[in-house]
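A short worksheet on the structure shown next.
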Amino acid sequence: MNKFSLATRPVSRFLILCLVFMGIHVAAARAQIIGTETMINSRAVTSENRARVQAFLERKEVRKQMLAMGVNPKNVSARVNSLTNAQVADLAGRIGKLPAGGDFGGVLFIGLVVFLVLLYTDIMGYTDVFPFVKKHAR
Amino acid sequence: MRDMVALPTGSLRRRAAGGLALIALLSGCATTPQTDSVRASAQFGHEISHVSGVPFFPQKAYQCGPASLAMALNWAGVRVTPDQLTPEVYLPKRKGSLQIELVAAARRSGRIAYVIQPGLPSLLDELGAGNPVVILENLGLSWYPVWHYAVAVDVNVAADEIVLRSGEIARQRMPLGLFERTWARSGDWGLLVLPPDRLPATVQKGPYLRAVAALERLRHFREARVAYATALRRWPDSLVAEIGMGNTCYALKDFPGAEDAYRNAARLHPGSGIAYNNLAQILADEGHLAEAAEAAHHAITLGGPLVATYRKTLAEIEIRQGVDRRSELPLPHTERPATPARFRH
């Protein structure tokens, strides 16, 4: 057993070295094409690295907020990754405040005053909350 | 989903009447300048439009976002149901979907998601061109918002109505003035979901190209390439479209196509370091190392915020040049009259 490990040690060292050099070689051959999104944003960006760090942090923040909003964890990555950096910056810290189109689940939950106000404004043609209020084309 | 509720009676009505002045104040402005101006100029615009090919998906509770997006995507040739989109856009705790996520989800399906300029004229132009528009309304008031997505399909200015695929109604007919008020509370937000070979009728170059570039992040390179080609037909001298064309060709391993696009970009925009940098990279990949180094040098000379990347490009090209020179030397069958002498001292 000991003999075997003695014999294999130089081999494994050699393999590690190979892997390290391969890694360097792969890194060196990576394309330096500048992406279209980077190009579009480059006018507003003073430091590429700073922008990258900021985008990374904002993405993390948006991911956290989405989880807090009840999004299924297995969908969160795809949803965050498909956002552009500009969209991520828009969303970060505002997921709870931005308009979330969803209609609403039954007018019974509305307070009476709100109901009356909306009923009046519906009749006057300012709003369209209640389907039973007939809207007349003028 | 909206439920029917009995109308209040008696004293409640009297109390409501007492608060009318306050209510009028709270409900904000009553004027509809856009509708008035559209009516006045109807003979010049699209006074009657009908968008065909938009299916109807009745929404489930709170699911107007997925439903509206599914209608728009199906019109644009993507077979998808609202239920499939719900996990992609819906925020359970908000009981709704955000505009940004509808945009992102449309792009995930490989379609161009383009937010139109605010205003009734843009909306009418798009409907006139046969493009359905996903719109966000606030059906309530600014201080009691009821956010709702729907898809605008038809308009008839003379009859004062716009037709929406909305909630559980396939053809909700709404007076234009009322629509203008509910729409204005979302800042006139309207979203187009288009196949990549179709430009919006009211297209603007910058926003359109940003919408296309977003497809690259999602690896929809084929669709993005078609869209860049469409953009280049409209704006033949657009640097972003040309670079985008090169980048999508490069991602699709169409190296001649990429080289063409980068050369065009460098020729039309000799001040663009990005054009020269990307040209250098493709030339290096094709094995034209001397020319590649020249282009990379030129990019560095031009400078700019991305100059660090240009330097990296050059460094890599120089490494490859070094490797090539070394690998040429020991080959036994090549003619090498000068090499032995050069290596002796």
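The values are calculated or read from the model by the stated rules, or taken from the named source; none is laboratory data. Remember, predicted model here, so these are calculated numbers, not experimental data. Here the Cβ is made from the backbone with ideal geometry for all residues, glycine too, and neighbour counts use every protein chain on show.
Filter the helices (runs of 4 or more DSSP H) completely within segment A:48-116 down to those with at least 3 residues that are modelled with pLDDT of 85 or more and surrounded by fewer than 17 Cβ atoms within 10 Å (Cβ to Cβ).
Helices (runs of 4 or more DSSP H) meeting the threshold: A:48-68, A:73-81.
Name the residues in segment B:158-172 that are buried (at least 17 other Cβ atoms within 10 Å of the Cβ) and within 11 Å of another protein chain (Cβ to nearest Cβ), would you?
Within segment B:158-172, B:160, B:161, B:162, B:164, B:166, B:167, B:172 qualify.
Under 6 Å between Cβ atoms, at least 6 apart or on separate chains: pull out the pairs that start in segment A:95-106 with a residue that is facing another protein chain (nearest Cβ under 7 Å) and end on any residue that is at pLDDT below 90.
A:102/B:62; A:104/B:146; A:105/B:61; A:106/B:3
With the checklist (1) touching a residue at least 24 places away in the same chain (Cβ under 8 Å); (2) in a helix (DSSP H, G or I) in hand, flag the one item residue B:201 doesn't pass.
Of everything listed in (1) touching a residue at least 24 places away in the same chain (Cβ under 8 Å); (2) in a helix (DSSP H, G or I), residue B:201 misses just condition (2).
Could you please give the count of residues in segment B:59-82 that are in contact with a helix residue (DSSP H, G or I) (Cβ under 7 Å, 6 or more places away or on another chain) and in a loop (DSSP other than H, G, I, E, B)?
Of the residues in segment B:59-82, 4 are in contact with a helix residue (DSSP H, G or I) (Cβ under 7 Å, 6 or more places away or on another chain) and in a loop (DSSP other than H, G, I, E, B).
Please specify each residue of segment B:168-227 satisfying the condition of being more than 24 Å from residue B:54 (Cα to Cα) and of a type in the set (Phe, Trp, Tyr).
B:221 - this is the single residue of segment B:168-227 that is more than 24 Å from residue B:54 (Cα to Cα) and of a type in the set (Phe, Trp, Tyr).
Test residue B:65 against the stated conditions and say whether it is under 23 Å from the mean Cα position of the chain (by Cα), buried (at least 24 other Cβ atoms within 10 Å of the Cβ) and small (Gly, Ala, Ser).
In short, yes.
Going through B:182, B:202 one at a time, which residue ends up being polar (S, T, N, Q), within 30 Å of residue B:41 (Cα to Cα) and facing chain A (nearest Cβ under 9 Å)?
Matching residue, one of B:182, B:202: B:182.
So which residues in segment B:37-58 are part of a helix (DSSP H, G or I) and away from chain A (no Cβ under 11 Å)?
Result: B:37, B:38, B:40.
Condition first: in contact with a strand residue (DSSP E or B) (Cβ under 9 Å, 6 or more places away or on another chain) and within 12 Å of chain A (Cβ to nearest Cβ). Can you find one or more residues in segment B:225-235 that meet it?
Within segment B:225-235, one or more residues are in contact with a strand residue (DSSP E or B) (Cβ under 9 Å, 6 or more places away or on another chain) and within 12 Å of chain A (Cβ to nearest Cβ).
This table checks each residue for (1) in contact with a Lys or Arg (Cβ under 7 Å, 6 or more places away or on another chain); (2) crowded, with 19+ Cβ neighbours inside 10 Å; (3) basic (Lys, Arg); (4) in the same structural domain as residue B:68 (by TED's automatic domain parsing).
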{"position": "B:175", "(1), (2), (3), (4)": "yes, yes, no, yes"}
{"position": "B:178", "(1), (2), (3), (4)": "yes, yes, no, yes"}
{"position": "B:184", "(1), (2), (3), (4)": "no, yes, no, yes"}
{"position": "B:201", "(1), (2), (3), (4)": "no, no, no, no"}
{"position": "B:207", "(1), (2), (3), (4)": "no, no, no, no"}
{"position": "B:211", "(1), (2), (3), (4)": "no, yes, no, no"}
{"position": "B:215", "(1), (2), (3), (4)": "yes, yes, no, no"}
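Considering only segment B:179-196, I want to know if a residue exists there that is assigned to a strand (DSSP E or B) and over 18 Å from the mean Cα position of the chain (by Cα).
No.
Any residue that is within 14 Å of chain A (Cβ to nearest Cβ), among the basic types (Lys, Arg) and touching a Ser or Thr at 6+ places or on another chain (Cβ under 6 Å) - is there at least one of those in segment B:93-104?
No, because not a single residue in segment B:93-104 is within 14 Å of chain A (Cβ to nearest Cβ), among the basic types (Lys, Arg) and touching a Ser or Thr at 6+ places or on another chain (Cβ under 6 Å).
Tell me, which residue of segment B:68-93 that is small (Gly, Ala, Ser) and buried (at least 18 other Cβ atoms within 10 Å of the Cβ) is farthest from residue A:79 (Cα to Cα)?
Out of the qualifying residues, it is B:76.
Name the one entry in B:144, B:114, B:90, B:149 that is at the interface with chain A (Cβ under 10 Å from one of its Cβ atoms) and over 26 Å from residue A:132 (Cα atoms).
Of B:144, B:114, B:90, B:149, the one residue that is at the interface with chain A (Cβ under 10 Å from one of its Cβ atoms) and over 26 Å from residue A:132 (Cα atoms) is B:90.
Of everything in segment B:91-135, what is part of a strand (DSSP E or B), of a type in the set (Val, Ile, Thr) and closer than 16 Å to residue B:214 by Cβ? Give them in sequence order.
Scanning segment B:91-135 gives B:112, B:115.
Condition first: within 11 Å of the chain's Cα centre (by Cα) and of a type outside the set (Gly, Ala, Ser). Now tell me which residues in segment B:206-219 satisfy that.
B:207, B:208, B:209, B:210, B:212, B:215
I'm trying to understand the selection: among the residues of segment B:136-150, which are in a strand (DSSP E or B) and free of Cβ contacts under 8 Å to residues at least 60 places away in the same chain?
Within segment B:136-150, B:136, B:137, B:138, B:144, B:147 meet the criteria.
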